[in-house]
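None of the figures in this text is laboratory data; all of them are computed from the coordinates on show. The shown structure was predicted, so the numbers you read here are calculated from the model rather than taken from an experiment. All Cβ positions, glycine included, derive from the backbone under ideal geometry; neighbour counts span all protein chains shown.
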Amino acid sequence: MTVRVEFFGIPRQRAGLAMMQIEAGSLGAAVTQIATQFPQLAEECIHADTLHDGYLANVNGLTFTRDPSYPLNDGDTLLILSADVGG
């Protein structure tokens, strides 16, 4: 399953890029793959297959989640972003 991953805020700073494509069938698999490719991002934002508190994933602009078992489908867009307090 090819998933487009877009990074915003601190995750974008730590990854050093705005977008990439990966093969992943769940949020946990995607996060694990991202952590392997971007250790600087993992250090601050990721633990194992889960995003740290203060960071969220959004799937297709519809669902915010941190659940590693959340399924991803071919063609999904996964946004990784900081959960900014106060809007």
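Okay, here's what the table says:
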| read-out | value |
| --- | --- |
| Test: residue in the range 66-74 that is charged (D, E, K, R), closer than 14 Å to T2 by Cβ and part of a loop (DSSP other than H, G, I, E, B) | yes |
| Positions within the range 40-62 being in contact (Cβ under 8 Å) with a residue 24 or more places away in the chain and in a helix (DSSP H, G or I), in sequence order | Q40, L41, E43, E44, C45 |
| Selection count, the range 1-19, where residues are buried (at least 16 other Cβ atoms within 10 Å of the Cβ) and in a strand (DSSP E or B) | 4 |
| Test: residue in the range 27-39 that is over 11 Å from S82 (Cα atoms), in a strand (DSSP E or B) and in contact (Cβ under 8 Å) with a residue 12 or more places away in the chain | no |
| Boolean, I80 is touching a residue at least 60 places away in the same chain (Cβ under 8 Å) and not in a helix (DSSP H, G or I) | yes |
| Unique residue being farther than 18 Å from F64 by Cα and not acidic (D, E) when the list is L27, L41 | L41 |
| The range 30-87, residues that are touching a Cys at 6+ places or on another chain (Cβ under 6 Å) and more than 18 Å from M19 (Cβ to Cβ) | H52 |
| Tally, over the range 36-67, of residues that are out of contact with any Ser or Thr (no Cβ under 7 Å at 6 or more places or on another chain), crowded, with 19+ Cβ neighbours inside 10 Å and small (G, A, S) | 1 |
